[in-house]
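The values are calculated or read from the model by the stated rules, or taken from the named source; none is laboratory data. Bear in mind the structure is a predicted one, so any value in this text is a computation, not a measurement. All Cβ positions, even for glycine, are placed from backbone atoms using ideal geometry, and neighbour counts span all protein chains on display.
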Amino acid sequence: MESQALKELGFFIAPEMMRQALYLADKGYYEEHARFPIGQRSSAEQIKVQIRYQQTVLQACNIPADDELATKLMKRSRELNDSIKFVLYDDVIPALEDVNKKKIIVGIISNLQTGINVKIRELGIADLVNFTVTSGEVGSEKPLPPIFLNALLKAQVEPIEAIHVV
């Protein structure tokens with residue numbers, strides 16, 4: 001999203017530089033999240049973290065990282081992210097139907113803050129999924145343990161009884 005947003009803002013970044021920028025921004029974000037879960041912070045604090053993320057991207061791309069540009073980048077990246085249309089692979093519905101016939105509990109764990117239930121209804125799999133867990137409801141994102149522990153509670157299983165499919 002950031003690459004497209006930067007292009008729209010007039011900056012053309014080489015893919016390797018963008019990969020490194022996103023790596024550094026993600027690293028900083030997860031370190032900050034480990035310090036205190038971002039989902040448990042005030043809205044103002046969450047926005048500050050998101051702006052710092054974009055400032056890290058800008059700095060790593062050798063672009064002056066002022067608050068105004070970082071805020072523009074954050075807003076446009078969010079808009080692009082919100083416009084993503086999810087599409088299932090052809091084997092997803094048959095696989096979920098097969099798993100359901102075997103009485104296996106199916107959950108979806110997502111780093112989306114909200115809207116996962118709408119998305120699974122749009123995809124036609126709501127009746128094939130027993131529960132969902134989002135980072136927004138837990139205040140923790142994958143790959144940190146709290147989101148997975150919440151899924152285990154909802155599934156009412158022990159870790160040894162669960163598998164995570166990416």
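Assorted remarks:
- Residue, surrounded by the most Cβ atoms within 10 Å (Cβ to Cβ), within the stretch 97-116, restricted to residues that are assigned to a loop (DSSP other than H, G, I, E, B) and either within 19 Å of the chain's Cα centre (by Cα) or not assigned by TED's automatic domain parsing to the domain that holds V138 (or both): L112
- Checked against (1) farther than 25 Å from T134 by Cβ; (2) in a strand (DSSP E or B), F12 meets all criteria but (2).
- For the stretch 86-96, the criterion of being within 19 Å of the chain's Cα centre (by Cα) and either closer than 23 Å to I38 by Cα or modelled with pLDDT of 90 or more (or both) is met by at least one residue.
- Single residue of the stretch 69-94 satisfying the filter (within 12 Å of L9 (Cα to Cα) and of a type outside the set (S, T, Y)) that is surrounded by the fewest Cβ atoms within 10 Å (Cβ to Cβ): K75
- Annotation for the stretch 36-45: no member residue is assigned to a helix (DSSP H, G or I), among the hydroxyl-bearing types (S, T, Y) and surrounded by 13 or more Cβ atoms within 10 Å (Cβ to Cβ).
- Residues of the stretch 54-66 that turn out to be modelled with pLDDT under 95 and surrounded by 12 or more Cβ atoms within 10 Å (Cβ to Cβ), as a count: 1
- Residue match in the stretch 36-47 (condition: within 19 Å of the chain's Cα centre (by Cα), of a type in the set (F, W, Y) and closer than 30 Å to G124 by Cα): no
- Qualifying residue in the stretch 148-156 (condition: touching a residue at least 60 places away in the same chain (Cβ under 8 Å) and within 21 Å of Q40 (Cβ to Cβ)): no
- For the stretch 132-166, a residue qualifies if it is buried (at least 16 other Cβ atoms within 10 Å of the Cβ) and more than 29 Å from K27 (Cβ to Cβ), and exactly one does: A155.
- When restricted to residues that are under 27 Å from G139 (Cα atoms) and surrounded by 11 or more Cβ atoms within 10 Å (Cβ to Cβ), the stretch 4-33 contains 15.
- Unique match (being among the basic types (K, R) and either assigned by TED's automatic domain parsing to the domain that holds K27 or in contact with a helix residue (DSSP H, G or I) (Cβ under 8 Å, 6 or more places away or on another chain) (or both)) among K142, K154: K142
- Test: L6 is of a type in the set (A, V, I, L, M, F, W, C), assigned to a helix (DSSP H, G or I) and more than 26 Å from K85 (Cα to Cα): no
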